Amino acid sequence: MTGFWATPIGITVLTVLEVLAILVPVLLLMAYLTLAERKVLAAIQLRKGPNVVGPFGLLQPFADAIKMVMKETIIPTGANRALFLMAPMLTFGLAAIAWAVIPVNDGWALADINVGVLYLFAISSLGVYGIIIAGWASNSKYAFLGAMRSAAQMVSYEVSIGFVMVSVLLCVGSLNLNDIVLAQRHIWFCLPLLPMFVVFFISALAETNRSPFDLPEGESEIVAGFFVEYSAMAFALFFLGEYTSMITMSGMTTILFLGGWLGPFGLWPALGPIWFILKVCLCLFVFIWVRGTFPRYRYDQLMRLGWKVFLPLSLFWLVLTAGALMLFGWLPQGA
C-alpha cells in the first residue's frame with residue numbers, strides 16, 4: 001500500500017471498513033434470521049407467519065427494531081445499574097468479535113491468525129460471563145437461577161466441543177481456520193468424523209441455549225430466565241447476541257466439517273463466499289427446524305446427555321482418530 005492508505009489514518013480507515021464489511025452482513029443476516037425463524041415455524045405449524053409489514057413481511061425485522069428502540073429501558077430498583085447494562089453489551093460483543101477470524105473465502109478473514117481455533121474456543125467460553133452477570137445484577141431469584149442453569153449448561157457442553165475440535169485438528173495439523181478448510185479439498189470432515197459432526201452440532205444447540213436445550217429460558221419454571229428483568233434495547237442486545245451466536249456456531253460448523261467455502265466435488269470454486277453462505281444458512285435452517293419439532297429436555301436429561309454420553313463419546317472418538325492416523329501414517333506434521 002502506498003499514499004494515503006499507508007498512513008496511520010489510512011490504515012485505521014481501512015481497518016474500520018474491513019470490520020464493517022464483516023459486521024454489516026452478519027447483522028443483516030441476523031435480522032432476517034428472526035424473520036426466517038418465524039416463517040419456518042409458521043410453516044411447521046400450518047400458519048402464515050409475519051406477512052403484513054412490507055411485501056411478504058420482509059420489513060418485519062426493521063419494525064421490530066424500531067419498536068425496541070422506542071421502548072423505555074426499565075432498570076429494577078435493587079439492580080446493580082452498571083453491571084445490568086454491561087451484561088447485554090458483553091454478550092452481543094463477544095458473539096460479534098468471533099467473526100474476526102472466520103474466513104468466508106481463501107484468505108478472506110479480518111485476522112488470519114495461526115491460532116484461530118483457540119481464539120474461537122476462548123470467545124465461546126467467555127460468553128457465559130454476560131449471562132452470569134445479567135442474572136446476578138438483576139437482583140431477581142428467577143434471573144439468577146436462569147443464569148446458574150446457563151452457566152452449568154454451557155460449561156458442560158464446551159468440554160465436548162473442545163474434544164471435537166481437537167479431533168479435527170489432529171486430521172489437519174494446524175490451528176489455522178484457513179488450513180482446516182483447505183484440508184477438506186478431497187473430502188469434507190462431516191463424513192469421516194460423522195459422530196463428531198453430530199456431537200458438535202447438538203452441543204452448539206446447547207451452547208447457544210436453543211431448543212430443545214433452552215432450559216435457562218424455561219418459561220414454565222423460571223418465567224424467562226436470566227433476562228426476565230430486561231426490556232427495550234437491553235433485551236434486544238441479548239436477542240441480537242443469541243442469534244449472532246447461532247450464526248457464529250453455524251459458521252464454525254461450516255469451517256470444521258462442511259468444507260467452508262469449498263463447493264461439493266470441487267464445483268465452481270469461484271463461488272466460494274456463496275457456498276459458505278449457503279452452508280451457514282443450511283445449518284441455521286436446522287437450528288430452526290429442531291426448535292419446531294423437538295420438545296424441551298428436562299434439566300437432569302440435559303446434564304446426563306452432556307456428561308454421560310457426549311463426553312465419553314467425544315473422548316473415545318478422539319483416541320480412535322489419533323490411533324487411526326498413527327496406524328496408517330496419516331498424522332500431519334506438527335500434530
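Below is a table of values for the structure above.
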{"quantity": "Selection count where residues are more than 22 Å from Thr244 (Cβ to Cβ) and among the polar types (S, T, N, Q), scope the stretch 1-60", "calculated": "5"}
{"quantity": "Where Ala82 falls short, out of the listed (1) surrounded by 11 or more Cβ atoms within 10 Å (Cβ to Cβ); (2) under 25 Å from Phe235 (Cβ atoms)", "calculated": "(1)"}
{"quantity": "Lone unmet requirement of (1) open to solvent by less than 30 Å² (accessible area, probe 1.4 Å); (2) at pLDDT 90 or above for Gln153", "calculated": "(2)"}
{"quantity": "Scope the stretch 6-55; condition open to solvent by less than 70 Å² (accessible area, probe 1.4 Å), over 19 Å from Ile102 (Cβ atoms) and not hydrophobic (A, V, I, L, M, F, W, C); matching residues", "calculated": "Thr7, Gly10, Thr34, Glu37, Lys39, Gly49, Pro50, Gly54"}
{"quantity": "Evaluation of Met89 against (1) modelled with pLDDT of 85 or more; (2) surrounded by 16 or more Cβ atoms within 10 Å (Cβ to Cβ); (3) under 23 Å from Ser124 (Cβ atoms) (one fails), failing number", "calculated": "(2)"}
{"quantity": "Qualifying position, being in a helix (DSSP H, G or I) and in contact with a Leu (Cβ under 9 Å, 6 or more places away or on another chain), among Leu94, Leu20, Leu85", "calculated": "Leu94"}
{"quantity": "Odd one out for Lys67, checked against (1) assigned to a loop (DSSP other than H, G, I, E, B); (2) modelled with pLDDT of 85 or more", "calculated": "(1)"}
{"quantity": "Residue within the stretch 44-62 that is in contact with a helix residue (DSSP H, G or I) (Cβ under 9 Å, 6 or more places away or on another chain) and either in contact (Cβ under 8 Å) with a residue 40 or more places away in the chain or under 25 Å from Asn176 (Cα atoms) (or both) present", "calculated": "yes"}
{"quantity": "Of all residues in the stretch 215-269 being at pLDDT below 80 and among the β-branched types (Val, Ile, Thr), the one that is farthest from Met154 (Cα to Cα)", "calculated": "Val223"}
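The values are calculated or read from the model by the stated rules, or taken from the named source; none is laboratory data. A quick note: this is a predicted structure, and the numbers were derived from the prediction, not measured. Note that each Cβ is placed from the backbone with ideal geometry, even for glycine, and that neighbours are counted across all protein chains shown. Please note that ligands, DNA and RNA were not included when accessible areas were found on the heavy atoms of the full protein model with its side chains. Shrake-Rupley method; radii C 1.70, N 1.55, O 1.52, S 1.80 Å.
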